[in-house]
Amino acid sequence: MNQAIGIDIGGTITKIGVISKDGNCLKKTHFRTKEHKSFSSYIAQLNDTLKDLIKKYKNIVGIGIGAPNASKSGTIETPSNLKWDGEINIIEKIKKKNNLPIYLSNDANCAAMGEMMYGNAKNLTDFIVITLGTGLGSGIVCNGEIIEGSDGFAAELGHFSLNNKNRYTGLNIKGGLEAYVSATGIKRTILYMLSKYTNESIFRSISFNNLHGEDITKAAEKGDFIALKAYEYTGKILGESLANFVTFMQPEAIILTGGLVHSGKWILEPTKIAFNNNLLPFYKNKVKILTSGLEDKDSAILGSAALVWKNIL
């Protein structure tokens, strides 16, 4: 049985898996992207990991890579949530160590392909996938095709400017969406809420660097005022933005995936309320907000592996 390797390069963690064509994950591993200050250090660990997997699994037919700011020419260019600057030719660096076909695409495009092949978009031809991780990524499918743009940089909705003021994204876009709606964005919102309100909160004794998304969810479950306000604020911004996105393509569904979605109702309920309140009348009840149909722990690498199956089938 043939297999593909899927690689998801996240701002915090790089996930790697061996995936069968039917979507079964045979092997998963990961390492911390953030621990590598230089790209040369990162690629050395990635190539070592690939070498071990290729040695163990004899029927691997290709490698799919999902990465932020991935171009059609095989490069990653100035990724906002990675520490490497400039134009990085990742395919060239991996090809020096093996002869397998390698395919690269934007990480959110990979998520969209994964949903089409294995998840909640199997029967959809028009939809948007929003990935809510360290940043905010987006993959747009129209008439059954991924919208890539001339160089592969289409659909950077995370850098869509909301208000042209206040927070900056990792690419210094003032008021960009991912500065508010992402794992990093909600941490920043916690600080904002702490300054705005005087209510007691567990977060008054936790530093920014020691604050994690799961902490915010746990606090919300315990009724922490600041956590609840942070989710309400974040969901409102996300819902309003999704309603705006509907106007340029009228998707059948918007699929949310990534770490922030793990908070469940705390993010989803205010998002859906704001979304429905801001839709134009002729879109009402026509666009669904869904969560990923893939197992959360496998969705990113399934999506990256889908790149291989898309190109060799």
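I'm checking my understanding of the structure. Among residues of segment 232-249 that are at pLDDT 95 or above and under 28 Å from LEU302 (Cβ atoms), which one is surrounded by the most Cβ atoms within 10 Å (Cβ to Cβ)? The extreme case among them is LEU238.
Within segment 76-87, being within 14 Å of GLY152 (Cα to Cα) and buried (at least 20 other Cβ atoms within 10 Å of the Cβ) holds for ILE76, PRO79. Contact map, segment 220-236: residues that are within 15 Å of SER182 (Cα to Cα) paired with residues that are assigned to a loop (DSSP other than H, G, I, E, B), Cβ distance under 6 Å, separation 6+ or inter-chain. Pairs shown: THR234/VAL181.
Each row is one residue, and each column tells you yes or no for (1) under 21 Å from ILE190 (Cα atoms); (2) under 20 Å from the mean Cα position of the chain (by Cα); (3) not hydroxyl-bearing (Ser, Thr, Tyr).
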{"residue": "ALA253", "(1), (2), (3)": "no, yes, yes"}
{"residue": "THR257", "(1), (2), (3)": "no, yes, no"}
{"residue": "SER263", "(1), (2), (3)": "yes, yes, no"}
{"residue": "LEU268", "(1), (2), (3)": "yes, yes, yes"}
{"residue": "PHE282", "(1), (2), (3)": "no, no, yes"}
{"residue": "GLU295", "(1), (2), (3)": "no, yes, yes"}
{"residue": "VAL308", "(1), (2), (3)": "no, yes, yes"}
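To keep it simple, each residue is scored yes or no on (1) surrounded by fewer than 21 Cβ atoms within 10 Å (Cβ to Cβ); (2) touching a Lys or Arg at 6+ places or on another chain (Cβ under 7 Å); (3) assigned to a strand (DSSP E or B); (4) at pLDDT 95 or above.
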| residue | (1), (2), (3), (4) |
| --- | --- |
| SER138 | no, no, yes, no |
| VAL141 | no, no, yes, yes |
| SER150 | yes, no, no, no |
| ASN163 | yes, no, no, no |
| GLU178 | no, no, no, no |
| ILE186 | no, no, no, yes |
| SER195 | yes, no, no, yes |
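The residue pairs whose first member lies in segment 152-168 and is outside the structural domain of ASN81 (by TED's automatic domain parsing) and of a type in the set (Ser, Thr, Tyr), whose second member is assigned to a loop (DSSP other than H, G, I, E, B) and modelled with pLDDT of 85 or more, and whose beta carbons are closer than 7 Å, counting only pairs six or more residues apart or on different chains, are SER161/GLY175. Condition first: in contact with a helix residue (DSSP H, G or I) (Cβ under 7 Å, 6 or more places away or on another chain), assigned by TED's automatic domain parsing to the domain that holds LEU307 and surrounded by 22 or more Cβ atoms within 10 Å (Cβ to Cβ). Can you find one or more residues in segment 19-31 that meet it? For segment 19-31, residues in contact with a helix residue (DSSP H, G or I) (Cβ under 7 Å, 6 or more places away or on another chain), assigned by TED's automatic domain parsing to the domain that holds LEU307 and surrounded by 22 or more Cβ atoms within 10 Å (Cβ to Cβ): present. Residue under question is ILE255, and the condition is that it be assigned to a helix (DSSP H, G or I), in the same structural domain as ARG188 (by TED's automatic domain parsing) and not charged (D, E, K, R); does it hold? Considered against the rule, which asks whether it is assigned to a helix (DSSP H, G or I), in the same structural domain as ARG188 (by TED's automatic domain parsing) and not charged (D, E, K, R), ILE255 comes out as no. Listed here are the strands (runs of 3 or more DSSP E) enclosed by segment 1-117 that have at least 3 residues being closer than 27 Å to SER138 by Cα, touching a residue at least 24 places away in the same chain (Cβ under 8 Å) and under 16 Å from the mean Cα position of the chain (by Cα): 3-9, 13-20, 60-67, 102-106. The set of residues in segment 58-87 that are touching a Leu at 6+ places or on another chain (Cβ under 9 Å) and either hydrophobic (A, V, I, L, M, F, W, C) or modelled with pLDDT of 95 or more (or both) comprises ILE60, VAL61, GLY62, ILE63, GLY64, ILE65, ALA67, ALA70, ILE76. Of everything in segment 88-123 that is of a type outside the set (Ser, Thr, Tyr) and out of contact with any strand residue (DSSP E or B) (no Cβ under 9 Å at 6 or more places or on another chain), the residue that is surrounded by the most Cβ atoms within 10 Å (Cβ to Cβ) is MET117.
Counting only residues that are under 19 Å from the mean Cα position of the chain (by Cα) and of a type in the set (Ser, Thr, Tyr), segment 142-197 holds 6 of them. Pairing each residue of segment 261-285 that is under 17 Å from TYR180 (Cα atoms) with any residue that is assigned to a helix (DSSP H, G or I) and basic (Lys, Arg), provided the two are 6+ apart or on different chains, yields C-beta distances under 9 Å for PRO270/LYS236; THR271/LYS236; ALA274/LYS236.
The values are calculated or read from the model by the stated rules, or taken from the named source; none is laboratory data. Computed from a predicted structure; not experimentally measured. With ideal geometry, Cβ positions are generated from the backbone for all residues, glycine too; neighbour counts draw on all protein chains shown.
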